[in-house]
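The values are calculated or read from the model by the stated rules, or taken from the named source; none is laboratory data. Computed from a predicted model, the values in this text were never measured in an experiment. Every residue, glycine as well, gets a Cβ built from its backbone with ideal geometry; the counts of neighbours run over all protein chains shown.
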Amino acid sequence: MTGFRVALGGAQSVYAKLIPGFEPDMTVMGKVIGGGMPLAAFGAKRAVMEQLAPLGGVYQAGTLSGNPVATACGLATLTEIQKPGFYEALSATTQSLVSGLTAAAAAEGVALCGDSQGGMFGFFLFDQLPQNYAKVMTTDGPRFNTLFHGLLERGVYIAPALYEAGFVSAAHTAQDVADTVTAARDVFKLLGK
């Protein structure tokens, strides 16, 4: 899920810089590797990959393996995201959205915290970011539903689950962020009552 959304090397490249000794055993990428088209890929340490045919006994194949259209889309995506400043701009847009949402909520007296990395973000109807699954599951579902449907009515579609990640793309503009924050503030006014 974090492949190319967080960094060119995905979240594992970010964590490798932050956590001494962090080294993933396997990398799995879904449709992001095909630029959004149906394609997936995985790679792992030699000991794992040697379990696959023709060296090992595990056969792996897929109908769309190596699909030339999806592969071309993936290569085009890689060309774009490797341009200088791509991830810095994506991160700035995402952080602007999260900061705008938390400020709008605070202005209306609604508890909301959020965080982001690259083009991924999340938020919770709490004063502080939850540190475990048990805390996440105490989120007020009906209040989140009010937020979700209120935003949808105002033309903003967020993930429909209260613990799902959100994504910002390079196509999102400062105006998109401002419009989203304005719509959210209208909904926060309802939630703050």
Problem set entry | Total residues in segment 107-138, condition at negative phi and surrounded by 15 or more Cβ atoms within 10 Å (Cβ to Cβ) | 18
For this session: Answer yes if at least one residue in segment 58-69 is in contact with a helix residue (DSSP H, G or I) (Cβ under 7 Å, 6 or more places away or on another chain), among the hydrophobic types (A, V, I, L, M, F, W, C) and not assigned by TED's automatic domain parsing to the domain that holds Y157, and no otherwise.
Result: yes
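With the condition kept exactly as written, say whether any residue in segment 129-142 is within 24 Å of G9 (Cα to Cα) and not assigned by TED's automatic domain parsing to the domain that holds I33. Spell out the reasoning first.
Initially, segment 129-142 is screened for residues within 24 Å of G9 (Cα to Cα), giving none.
Within segment 129-142, not a single residue is within 24 Å of G9 (Cα to Cα) and not assigned by TED's automatic domain parsing to the domain that holds I33.
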For this session: Restrict the check to segment 5-18 and report whether at least one residue is farther than 18 Å from G118 by Cα and assigned to a helix (DSSP H, G or I).
Result: no
Exercise. Of all residues in segment 40-64, how many are modelled with pLDDT of 90 or more, within 18 Å of L75 (Cβ to Cβ) and in a loop (DSSP other than H, G, I, E, B)?
Worked result: 0
